[in-house]
Amino acid sequence: MLNKAKLPSFQNTIFFVTVWVFFSLNSAYFRVPFAEMLRWLLIGILVFLALLNSGCEVLKPPTMICVFLIATFPSVLLSVDVTESFVKFMSFIYVVWGLYVFFQSLETEEEMFHMLTLVMVVVLIFEFQSIIAIVTGFGYYNSSRATGITTNANTLGIYSDLSFAASIYFYIKSDKCKKWFFILTAILSIWTLFLSASRGAFLSFAVICVAFVFLRSNSVLRRFSVVGCSCFVLYLLFSGKLAFLDIPALDRLLEEGGFDRGDIWDVGLNLWRTYPVFGCGYSMSDLFNDPPGLQFHNSYLTILAETGVWGVVVLGGYSIFTFVSFVNIYAKNIENTHSFEVLLCILIMIS
């Protein structure tokens, strides 16, 4: 039997490897061997460690699982492929519930925030790998948009957003000597974001910057200043006055049809019109995509097509409630030692 004195160190290692394996699923290079199978095994080990540490009381399901069940189970029952929908439905529950059980078993806030730090470490490691791939020349798609080590340019863009947030996190937490290093990682994250030319990631980055400055401002005057400056910058961006900056993502946004995906979105909307209330089935949109895997290039449209109006209302309402709760917690505890960790969660939700 595992010695309880050694349990924290062992569970840190398993959690780090788990995060690494899940990230590597989106890696075109350096993918962990048998990652598709390992992820299930590692979640099971984390649950086992949680039960060993805290007993069966941590098995109580989180609110998220209950909301997810209410939102998606009708679409599973009425799916165009009930078996596949049910398997993916249970897979999601297994991962989320398993991780929840693990986090519930942690005895202190410090342990929980240490796990967040481990996630941010993995994010930065993947950013460094993408930088190496870009610099050496094999991290590009069609020789124009960078993909880094990820499977597509948009994934690189979102990972760059996360890397930027992680850099801010470590910058605030580190001493003076290390701060320069995380300033550099933040700049490199912006660089890889621009090279990805991802429109969605570029907009997410802009919102993250505004949200960070807004929420870190302690006075009403400063917050009004942030809003005013943001509106002015938006005007400059979308009026074309900053086109000389030659930012690929911005150029793609400003071109005709820069905000839509044309035929891809039409397919998703037509699918929703066919199954308006409960959708075509949880995780079934791939059957209607051409090419498969794009999910209509829009997560919100994918949820609408797969779970219908019912799923969008339930999941959307819960997401908004959760986001507002995070903001309220941060506002009430802005001077708290761990207030920035809460802010980081808000930035990740935006991303």
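The values are calculated or read from the model by the stated rules, or taken from the named source; none is laboratory data. Here the structure is a predicted model, which is why all the values come from computation and not from measurement. With ideal geometry, Cβ positions are generated from the backbone for all residues, glycine too; neighbour counts draw on all protein chains shown.
Going by the structure shown, is L343 buried (at least 19 other Cβ atoms within 10 Å of the Cβ), within 28 Å of A211 (Cα to Cα) and at pLDDT below 85?
Yes, satisfied.
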**Prompt:** Taking V121, is it assigned to a helix (DSSP H, G or I), more than 22 Å from the chain's Cα centre (by Cα), modelled with pLDDT of 85 or more and not charged (D, E, K, R)?
**Reply:** no
**Complete:** Apart from one, (1) in contact (Cβ under 8 Å) with a residue 24 or more places away in the chain; (2) in contact with a helix residue (DSSP H, G or I) (Cβ under 8 Å, 6 or more places away or on another chain) all hold for N218; the odd one out is (2)
**Request:** Could you tell me whether E84 is under 21 Å from I158 (Cα atoms), acidic (D, E) and out of contact with any Asp or Glu (no Cβ under 9 Å at 6 or more places or on another chain)?
**Result:** no
**Fill in**
Only unsatisfied item for E107, checking (1) within 17 Å of the chain's Cα centre (by Cα); (2) not in a helix (DSSP H, G or I), is (1)
**Prompt:** When F113 is evaluated against the numbered criteria (1) buried (at least 22 other Cβ atoms within 10 Å of the Cβ); (2) under 30 Å from A50 (Cβ atoms); (3) not hydroxyl-bearing (S, T, Y), which criterion, by number, is the only one it fails?
**Reply:** (1)
**Prompt:** Taking region 51-67 on its own, how many of its residues are farther than 21 Å from T322 by Cβ and not hydrophobic (A, V, I, L, M, F, W, C)?
**Reply:** 4
**Request:** Output the number of residues of region 70-98 satisfying the condition of being within 21 Å of the chain's Cα centre (by Cα) and of a type in the set (S, T, Y).
**Result:** 3
**Number of the exception - G317 against (1) modelled with pLDDT under 90; (2) out of contact with any Leu (no Cβ under 7 Å at 6 or more places or on another chain); (3) not aliphatic (A, V, I, L, M)** = (1)
**Asked** Given the structure, is I172 part of a helix (DSSP H, G or I), in contact with a helix residue (DSSP H, G or I) (Cβ under 7 Å, 6 or more places away or on another chain) and modelled with pLDDT of 85 or more?
**Response** no
**Asked** Of the conditions (1) touching a Gly at 6+ places or on another chain (Cβ under 8 Å); (2) charged (D, E, K, R); (3) within 30 Å of I134 (Cα to Cα), D81 fails just one. Which one is it?
**Response** (3)
**Prompt:** Give me the pairs: first residue in region 250-275 and among the hydroxyl-bearing types (S, T, Y) and at pLDDT 80 or above, second residue surrounded by 12 or more Cβ atoms within 10 Å (Cβ to Cβ) and not in a loop (DSSP other than H, G, I, E, B), beta-carbon distance under 7 Å, and six or more apart or on different chains, which are they?
**Reply:** Y275/G308
**Complete:** For helices (runs of 4 or more DSSP H) lying entirely in region 1-103, having 3 or more residues that are closer than 23 Å to V122 by Cβ and free of Cβ contacts under 8 Å to residues at least 60 places away in the same chain picks out 7-24, 35-54
**Message:** So T192 passes all but one of these: (1) closer than 19 Å to M349 by Cα; (2) at pLDDT 85 or above; (3) in contact with a Leu (Cβ under 9 Å, 6 or more places away or on another chain). Which condition number does it fail?
**Reply:** (1)
**Request:** Run down F278, F238 and say which single residue is of a type in the set (F, W, Y) and modelled with pLDDT under 75.
**Result:** F238
**Request:** Determine if region 196-217 includes at least one residue that is within 16 Å of F126 (Cα to Cα), under 21 Å from the mean Cα position of the chain (by Cα) and either hydrophobic (A, V, I, L, M, F, W, C) or modelled with pLDDT of 80 or more (or both).
**Result:** yes
**Request:** Taking the residues in region 139-169 that are in contact (Cβ under 8 Å) with a residue 24 or more places away in the chain and part of a loop (DSSP other than H, G, I, E, B) as candidates, determine which candidate is surrounded by the most Cβ atoms within 10 Å (Cβ to Cβ).
**Result:** G148
